[in-house]
Amino acid sequence: MRSPPAERLLVLVGARGCGKTTVAKELAALLHGEARDLDDLIESTVGRSISEIFATDGETFFRRLESQAMNEAFRDYATAKTAVCVLSLGGGAVLAQENQRLLREQATVIWLQADAATLVERIAADVTSINRRPALTEFPLSEEVAHLLASREPVYESVADLVVNTEAQTPINIANSIVKQLTQSEQL
Ligand code: ADP
Ligand code: MG
């Protein structure tokens, strides 16, 4: 059993490459808890990579697994089964209405913001990201990123309690800034 570092689970949202997984680890370290990554949880439960699930069963099936994994993560947090305090989501996990409801009602949501050009740079330099996540459209990476960002930014904004610009900031600085802002607004 742990003493929870926050009443609500901290959840990082934002586009692929904005730094959710990286910042979640830094944030959890500052809070003396553990970080979980929703994509990792899905892969270990199903025993297949996200790319494989997309290729074999399609996006709709993957989104269902994503919602289930999110529900389980929230349940584990509420019942203090784990020392997890920060959950990072995949870029599209905020699309389902039921997930949005869960985030609004039960989480403190932090949106990590970055420009399309920065996202493309980070994704292109990150071997894990390139291999692991499927292309979601038939367009080249830069067009896909710009297109997804335009359609998803309003959703990130609508669920976010805190918005953090990640441009020209290191992950550790971003984590420190999140702790400071959540403490100031008494959300931590
Ligand atoms: P996400 O989980 O949001 O898809 P990741 O945390 O996997 O993003 O980060 C994608 C890539 O960008 C990784 O190679 C990571 O090291 C790098 N990265 C993350 N945050 C930053 C940052 N603030 N500045 C520079 N590079 C970053
Ligand atoms: Mg990630």
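What the table shows:
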{"item": "Two-decimal Rg to Rh for the stretch 57-188 - Kirkwood Rh, Cα set", "result": "0.96"}
{"item": "Label point distance in nm, Glu98-His147, each placed 7 Å from Cα along Cα→Cβ", "result": "2.8 nm"}
{"item": "Farthest toward positive dipole pole in the chain [+1 Lys/Arg, -1 Asp/Glu at C-beta], among Gly92, Leu149, Val159", "result": "Val159"}
{"item": "Proximal charge balance of Val86 [Cβ under 12 Å; K/R count +1, D/E count -1]", "result": "+1"}
{"item": "Per residue, in Å², the accessible surface of the stretch 9-184 once ligands and nucleic acids are set aside, probe 1.4 Å", "result": "47 Å²"}
{"item": "Cα centroid separation, the stretch 7-23 to the stretch 68-89 (Å)", "result": "14 Å"}
{"item": "Straight-distance crosslink candidates among aspartates and glutamates, where the alpha carbon sits under 13 Å from Lys81 and sequence neighbours closer than 8 are dropped", "result": "Glu34, Glu72"}
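The values are calculated or read from the model by the stated rules, or taken from the named source; none is laboratory data. Remember, predicted model here, so these are calculated numbers, not experimental data. Glycine gets a Cβ as well: all are built from the backbone with ideal geometry, and neighbour counts include every protein chain shown. In case anyone asks, the SASA skips ligands and DNA or RNA and just uses the protein heavy atoms, side chains included. Shrake-Rupley method; radii C 1.70, N 1.55, O 1.52, S 1.80 Å.
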